[in-house]
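In what follows, a single structure is set out as structure tokens and then discussed.
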């Protein structure tokens, strides 16, 4: 019996999620790359495009636990992390875990909660643990937070601060399906019956295999020139007159790890400059604050990254004569 290679395992996972998410293979690859790089994803999109289904499908595919938290203005930090309750029978405090105690955690409409509740995610996203009443509780591994927010309606919302945005490895948008894809969605809906299609998904990866893939991703070779290229891109965000706040060193590390996972998805054991260019926008764009003048001209962080990539020399490329 042939041993499944990392590329084959990843291909299985992507194909499985595509059974319920139509026409979004690139976005599925990005989210899977974030999981393999041990990061988190901010999905910024309008309602009804499949964000929740995608999160459930990912958890089902890897055989992991799934929890969802609907953020509202009255949500409390304990609604996220959990709470200690005194058991009169045992005369001890017992920890009742919150929704973050799962492999795949969906935080729906993250910007609807107050900053105090949003900040409850900072520790768990960075350190993979929560502290309740002075006691530390580790989250199950692998662990990924998929947070959603509506980019159109901002009434009654609390914009995420820079410290929170910096915890997300990527910002991804699913977008509307095209005509053919939407017809396929309707065709599947006509044959699904009463059950949700996610419930019929198979588990094609085990938790152990996901951990092995994460370890394999960290072993992907990154040449010194590629590292210099990553640093040069991040440094350019800090010196550009169009950008008021550039990317942090956490952004450099996130891009480094994401490129390793992206190369693994492409069946390679080394990172190329094209990997860096493919991910720089989704990894660094949300970490930037553009200048007021650039914002007035419709410039966003991802566009600023695209301009930096256009002007920055690619390592190993020959200059034009």
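Laboratory data are not the source of any read-out in this text; all were calculated from the coordinates shown. Small disclaimer: the values here were computed from a predicted structure and weren't measured. For neighbour counting, all protein chains shown are included, and Cβ atoms are generated from backbone atoms with ideal geometry for every residue, glycine included.
Protection proxy ranking for 130-140, 220-230, using the average of other Cβ atoms within 10 Å per residue and placing the highest first: 220-230, 130-140.
The shape of the chain comes out rounded: with a ≥ b ≥ c from the C-alpha gyration tensor, a/c is under 1.5. Quick check: the distance between the Cα centres of region 124-187 and region 22-78, to the nearest angstrom? Cα centroid to Cα centroid, the span is 6 Å.
Here, region 25-179 is characterised by an Rg to Rh ratio of 0.99, where Rg is the alpha-carbon radius of gyration and Rh the Kirkwood radius.
Cα centroid separation, region 212-234 to region 94-113: 31 Å. For region 6-191, the relative contact order works out to 30 percent when only alpha carbon pairs closer than 8 Å and six or more residues apart are counted. The alpha carbons of region 1-46 occupy a box of 45, 25, 12 Å along the principal axes, longest dimension given first. With the helix formula -39500 (n - 2.57) applied to DSSP H stretches of n ≥ 4, the chain reaches a computed 222 nm mean residue ellipticity of -13000 deg cm²/dmol. Secondary structure note: in the chain, about 40% of the DSSP beta bridges are antiparallel. Between rounded, prolate and oblate, where does region 119-203 land on the alpha carbon gyration tensor, with a ≥ b ≥ c its root eigenvalues, rounded for a/c under 1.5, else prolate if a/b exceeds b/c? Judged from the Cα gyration tensor, region 119-203 comes out oblate (a/c at least 1.5, b/c at or above a/b). Largest mean-square fluctuation among 124, 271, 253, in a Gaussian network model of the chain whose springs join Cα atoms under 10 Å apart, belongs to 253. When peptides 91-104, 198-211 are ranked by their average number of other Cβ atoms within 10 Å per residue, the highest-first order is 91-104, 198-211. Result for the chain in a Gaussian network model with C-alpha springs under 10 Å: among 176, 86, 257, the largest mean-square fluctuation is at 86.
For region 219-311, the convex hull drawn through the C-alpha positions has a volume of 83 cubic angstrom per residue.
Quick check: from the Cα gyration tensor, does region 39-114 come out rounded (a/c under 1.5), prolate or oblate? Cα axes put region 39-114 in the oblate bin.
Diffusion of region 1-79 by Stokes-Einstein, at 4 °C in a medium of 1.567 mPa s and with Rh set to the Kirkwood radius over alpha-carbon pairs, works out to 91 µm²/s. Within the listed set 60, 179, 218, the Gaussian network model of the chain (springs between alpha-carbon atoms below 10 Å) gives the highest mean-square fluctuation for 179.
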